[in-house]
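All remarks here apply to the structure that follows.
The values are calculated or read from the model by the stated rules, or taken from the named source; none is laboratory data. The shown structure was predicted, so the numbers you read here are calculated from the model rather than taken from an experiment. In this analysis, Cβ positions are derived from the backbone assuming ideal geometry, glycine residues included, and neighbour counts consider all displayed protein chains.
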Amino acid sequence: MAADIEIRNDKIIVKGNDFNLSAPKQILDCQNSGTTTRLLLGILSTQEFESILTGDSSLKKRPMKRVTVPLSQMGAKFEFLEKEDFLPIKVKGSKKLKPIEYTLPISSAQVKSALIFASLKAEGKSVIKESPKSRDHTELMLKHAGANIKSWEENGIYIVEILPSQLSSIKIKIPSDISSAAFFIVLALICDNSSVVIENCILNPTRTGIIDVLKQMGAEIRIENVENRNGEFVGKIVARSSNLKGVKVDKNDIPRIIDEIPILAVAAAFAEGKTTIDNASELRVKESDRIKTTAQMLRKFWC
């Protein structure tokens, strides 16, 4: 779409043009990435040209109306080319999107982010609400880039207010990912005489649910050298062998651990007593049905 992007060793240099993109000459293949698809739906809603998004067989099974319905209310148009609610999708956006006030039926950082991107170019103030709060990397990064965004929590509801904005160039050093780190943390916890140190790891409160739940289970985990980097908390995680106990995971913690539940299930298999995880139905519409596949794998070990 004519964006100026240069990959230079471990750096990616993007020269922006204030959302003035060009119509793609081919179908945009998002492969296996739901995040790519849903964020692009928000960005493409601000463009007047037509484009088509598709993906692999797994991504084609993931629902998209949760994004297209609110974006349609803002003035973008969508056509499902094969099956209602699923990729491939034809998108035709508008340079005159209407602002929106919208409450997400299910907390979702992907849906929220798509609406935030579209709202940056809407003709007025948009307000997005969700409960409980999902990860907020998009809001933090855009604030750092000068976007006119405010966010707060009120009576258990997380609210994001967005005004039309022009972004400024910024430098970002991407920290280690806690979802990937969770596998090594659990490995250290369940192995005798073991420890692991994860340096430079993201410690955003919307992402550290796995640490909180593991600590409730009795895990010996320390957080050290925390610093605020571009609005995000980053630090060191130290985990040691621990005698874990089963817990009941609070439903409000689910958005904070949604990607870590499979490895949490492994920790639960090594814990003393029963662990209960409720309200995790979103795992059934990820790249695979993660509840089904996690249960199948654990049963194989059990046998």
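Cβ-Cβ below 6 Å, separation at least six or inter-chain, first residue in region 235-262 and under 14 Å from PRO205 (Cα atoms), second part of a loop (DSSP other than H, G, I, E, B): which pairs?
Qualifying pairs under 6 Å: GLY235/LEU203; ASN252/PRO132; ILE254/ASN279; ILE254/ALA280; PRO255/SER107; PRO255/PRO132; PRO255/SER134; ARG256/THR206.
Within region 92-132, how many residues turn out to be small (Gly, Ala, Ser) and under 16 Å from the mean Cα position of the chain (by Cα)?
Start the filter on region 92-132 by keeping residues that are small (Gly, Ala, Ser), which leaves 93-94, 107-109, 113-114, 118-119, 122, 124, 126, 131.
Applying the additional criterion that residues be under 16 Å from the mean Cα position of the chain (by Cα) yields 107-109, 113-114, 131.
The number of residues fulfilling the criteria is 6.
Give me the residue from region 158-171 that is more than 18 Å from the chain's Cα centre (by Cα) and surrounded by 13 or more Cβ atoms within 10 Å (Cβ to Cβ) and, out of that set, nearest to LYS11 (Cα to Cα).
Step one: filter region 158-171 for residues more than 18 Å from the chain's Cα centre (by Cα), giving 161-171.
Remaining after also requiring surrounded by 13 or more Cβ atoms within 10 Å (Cβ to Cβ): 161-167.
Details: GLU161: 32, ILE162: 29, LEU163: 30, PRO164: 29, SER165: 26, GLN166: 24, LEU167: 20 Å.
Per the criteria, the residue is LEU167.
What pairs come out if I take residues in region 139-153 that are surrounded by fewer than 18 Cβ atoms within 10 Å (Cβ to Cβ) and pair them with residues that are part of a helix (DSSP H, G or I) and of a type outside the set (A, V, I, L, M, F, W, C) whose C-beta lies under 8 Å away, six or more apart or interchain?
Correct list of pairs: SER151/GLU139.
Hey, among the residues in region 70-95 that are in contact (Cβ under 8 Å) with a residue 40 or more places away in the chain and not in a loop (DSSP other than H, G, I, E, B), which one's surrounded by the most Cβ atoms within 10 Å (Cβ to Cβ)? Break it down into steps so the answer makes sense when it comes.
We begin by selecting, within region 70-95, every residue in contact (Cβ under 8 Å) with a residue 40 or more places away in the chain; these are 70-71, 74, 76, 87-95.
Now restrict to residues that are not in a loop (DSSP other than H, G, I, E, B): 70-71, 74, 89-92.
Numbers: PRO70: 25, LEU71: 27, MET74: 24, ILE89: 25, LYS90: 14, VAL91: 22, LYS92: 16.
That would be LEU71.
Any idea which residue in region 1-40 is nearest to LYS65 (Cα to Cα), counting only those that are of a type in the set (Asp, Glu) and not in a strand (DSSP E or B)? Lay out the reasoning, then the answer.
Going residue by residue through region 1-40, those that are of a type in the set (Asp, Glu) are 4, 6, 10, 18, 29.
From what is left, the residues that are not in a strand (DSSP E or B) are 10, 18.
On the way: ASP10: 36, ASP18: 27 Å.
The selected residue is ASP18.
If I filter region 24-57 down to residues being of a type in the set (Asp, Glu) and in contact (Cβ under 8 Å) with a residue 40 or more places away in the chain, which single residue comes out as surrounded by the most Cβ atoms within 10 Å (Cβ to Cβ)? Spell out the reasoning first.
At the first step, the residues of region 24-57 found to be of a type in the set (Asp, Glu) are 29, 48, 50, 56.
Adding the requirement that they be in contact (Cβ under 8 Å) with a residue 40 or more places away in the chain leaves 48, 50.
Values: GLU48: 11, GLU50: 14.
That would be GLU50.
What pairs come up if the first residue lies in region 58-69 and is surrounded by fewer than 14 Cβ atoms within 10 Å (Cβ to Cβ), the second is polar (S, T, N, Q), and their beta carbons are under 8 Å apart, counting only those six or more places apart or on different chains?
SER58/ASN32; SER58/SER288
Could you tell me which of the residues ALA23, ALA109, ALA118, ALA76 is modelled with pLDDT under 95 and among the hydrophobic types (A, V, I, L, M, F, W, C)?
On the way: ALA23 fails: modelled with pLDDT under 95; ALA118 fails: modelled with pLDDT under 95; ALA76 fails: modelled with pLDDT under 95.
The match here is ALA109.
Would you mention how many residues in region 240-253 are surrounded by 14 or more Cβ atoms within 10 Å (Cβ to Cβ) and under 15 Å from GLY209 (Cα atoms)?
Qualifying residue count, region 240-253: 5.
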